[in-house]
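Every number here is computed from the coordinates shown, using simple stated rules; none is lab data. What you are looking at is a predicted structure, and each value in this text was computed from that prediction instead of being measured. Backbone-built Cβ (ideal geometry, glycine too); neighbour counts: all protein chains shown.
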Amino acid sequence: MKSKDEECFCEVARKVFDTDGSIRLCGRDAVSTLIEAAEQIDSTRNFGDKEIGRMNVDTVRELLEEVEKKG
C-alpha cells in the first residue's frame, strides 16, 4: 500500500509523464514539484535540481516504477 507521499508523487508524475512514459509539455513548476515529491520519498537519490526544474529522468522513472509496483 502506498503512503501519502507516494500517492502525491504518483499524482504529480501523471502530470509530467504521459502513459507511454514520455515527458509532457508541463512546465518547470510541475517538474520541480515532482522532484520535491520524489525527495520526500527517498532523500538519498539525486532526482534533479528543483530550483531550475531540471530532473534526472531515469532516476525519477525508477522511483515511479518502484512506487507503482506497491499498488
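Quick notes
- Residues within the stretch 31-45 that are farther than 22 Å from GLY71 by Cβ and not polar (S, T, N, Q), tallied: 4
- Which numbered condition LEU64 misses (of (1) surrounded by fewer than 12 Cβ atoms within 10 Å (Cβ to Cβ); (2) assigned to a helix (DSSP H, G or I); (3) not aromatic (Phe, Trp, Tyr)): (1)
- On the stretch given as the stretch 31-51, residues that are surrounded by 15 or more Cβ atoms within 10 Å (Cβ to Cβ) and either farther than 13 Å from ASP5 by Cβ or touching a residue at least 40 places away in the same chain (Cβ under 8 Å) (or both) total 6.
- Residue in the stretch 47-61 that is of a type in the set (A, V, I, L, M) and more than 10 Å from the chain's Cα centre (by Cα) present: yes
- Only one of the numbered conditions (1) under 17 Å from ASP5 (Cβ atoms); (2) loosely packed, with under 15 Cβ neighbours inside 10 Å is not met by ARG54, and that is (1).
- The set of residues from the stretch 1-30 being in a loop (DSSP other than H, G, I, E, B), under 12 Å from VAL67 (Cβ atoms) and either in contact with a Leu (Cβ under 9 Å, 6 or more places away or on another chain) or free of Cβ contacts under 8 Å to residues at least 40 places away in the same chain (or both) comprises just one member, SER3.
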